[in-house]
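Take a look at the structure below.
The values are calculated or read from the model by the stated rules, or taken from the named source; none is laboratory data. Remember, predicted model here, so these are calculated numbers, not experimental data. Backbone-built Cβ (ideal geometry, glycine too); neighbour counts: all protein chains shown.
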């Protein structure tokens, strides 16, 4: 699988098989992803991969914690504006439709949301943390690392789901994982083999046409 194929094949998978990927493969994905571009070669990522008992300990700690909605770095700006508001709304509606959950079934929607805190059943969960003194350029570096990891995982037959959800439980995660002082959770990654029989994995988010977000000037 080449890079272009991996770009088109990669998607956010939210149901996984119990089979765990080999430790050597997970290590290779983490290490190779560090070839990601990084301004000034700061390489600001700190990555922890968890499976087995350490993973269960983290999930338990988060399940017993309260979310921190006031924390900085939440997934979306407040009072989201167009066209981003409509894109986010459509994305959510399509996701729940794939599960047969109507808009007025709030308990079922909350139950699905809670599956974020279980890495959607993935046998491996990764937490990526960053020093709180880092700025937006270094967060861009984290995004490049994330994309590199997901594409490499896809090329190796694995599925992923990037999750900003874990920022809502920053204190619980940093304590459970004994992160160094001053580090904050940037995002999590669910990693494993896709459960292709799960209805939610049959859905895929659409992308806006290029005309909405790009221009080309000076080309013949």
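Would you kindly identify the helices (runs of 4 or more DSSP H) lying entirely within the stretch 30-116 that contain at least 1 residues that are surrounded by 13 or more Cβ atoms within 10 Å (Cβ to Cβ) and modelled with pLDDT of 95 or more?
52-63
Suppose the filter is over 18 Å from the mean Cα position of the chain (by Cα), modelled with pLDDT of 95 or more and assigned to a helix (DSSP H, G or I); does residue 24 pass it?
yes
I need a count of the residues in the stretch 166-212 that are within 21 Å of residue 58 (Cα to Cα) and assigned to a loop (DSSP other than H, G, I, E, B).
Number of matching residues: 7.
Do we have residue 14 as assigned to a helix (DSSP H, G or I) and either touching a strand residue (DSSP E or B) at 6+ places or on another chain (Cβ under 9 Å) or more than 20 Å from residue 186 (Cβ to Cβ) (or both) here?
Against the criterion (assigned to a helix (DSSP H, G or I) and either touching a strand residue (DSSP E or B) at 6+ places or on another chain (Cβ under 9 Å) or more than 20 Å from residue 186 (Cβ to Cβ) (or both)), residue 14 does not qualify.
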